[in-house]
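The values are calculated or read from the model by the stated rules, or taken from the named source; none is laboratory data. Please read all numbers here as calculations on a predicted model, not as lab measurements. All Cβ positions, even for glycine, are placed from backbone atoms using ideal geometry, and neighbour counts span all protein chains on display.
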Amino acid sequence: MIPVTDHIAIGENEIEEVFVRASGPGGQNVNKVATAVQLRFDAARSSSLDERTRAQLRLLAGRRMTADGIVVIIARRFRTQERNRQDAYGRLIELIGRAAEPVKRRVATRPTAASRERRRDIKLARARTKRLRQPVERPVE
């Protein structure tokens, strides 16, 4: 089990990892050794996540989540498999941890009198500027 938060732990059997060749630094190894890691976590079918966390994860993951609800994380920042693997797991844990945080409710507030006055002053100044840009009408003689 991989601990994510106090209440969420993911089983290692829920994560599939595939090593692929990475572009970028690596010298002569770059064309021979599969150092990049691709993690696949099936969030839609995971028993570790509740519905709220799953929905928030879908929002946070964005393009990293497939239509089937699988989170795909590709790590190729480092030259070794192990460091890329650690990086990918760290990013997955961080993403799920952010999704598990409770969403702060917005507290409705009203604009202050000073802010309303500033807004009115800015609108008046803008109107004055636009008025000055208008062509001057001359009386017909």
Would you say Ala22 is buried (at least 18 other Cβ atoms within 10 Å of the Cβ), under 16 Å from Ala99 (Cα atoms) and modelled with pLDDT under 85? no
Tell me which of these Arg76 doesn't satisfy, since it passes every other one: (1) within 18 Å of Glu12 (Cα to Cα); (2) in contact with a strand residue (DSSP E or B) (Cβ under 9 Å, 6 or more places away or on another chain); (3) modelled with pLDDT under 85. (1)
Ser46 fails exactly one of (1) closer than 21 Å to Gly11 by Cβ; (2) at pLDDT 85 or above, namely (2)
Scan region 72-103 for residues that are surrounded by 14 or more Cβ atoms within 10 Å (Cβ to Cβ), out of contact with any Ser or Thr (no Cβ under 7 Å at 6 or more places or on another chain) and not basic (Lys, Arg) and report the count. 12
May I ask you to verify whether Val33 is modelled with pLDDT under 85, more than 23 Å from Met1 (Cβ to Cβ) and under 17 Å from the mean Cα position of the chain (by Cα)? no
Within region 79-101, the count of residues that are outside any helix (DSSP H, G or I) and either of a type in the set (Val, Ile, Thr) or at pLDDT below 85 (or both) comes to 2
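Which of the residues spanning region 41-59 are exposed (fewer than 15 other Cβ atoms within 10 Å of the Cβ) and outside any loop (DSSP other than H, G, I, E, B)?
Asp42, Glu51, Arg52, Ala55, Leu59
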Given the conditions (1) under 16 Å from the mean Cα position of the chain (by Cα); (2) not in a helix (DSSP H, G or I), which single one is not true for Arg63? (2)
Go through region 104-137 and give me each residue that's modelled with pLDDT under 95, aliphatic (A, V, I, L, M) and either within 30 Å of Gln56 (Cβ to Cβ) or surrounded by 10 or more Cβ atoms within 10 Å (Cβ to Cβ) (or both). Val107, Ala108
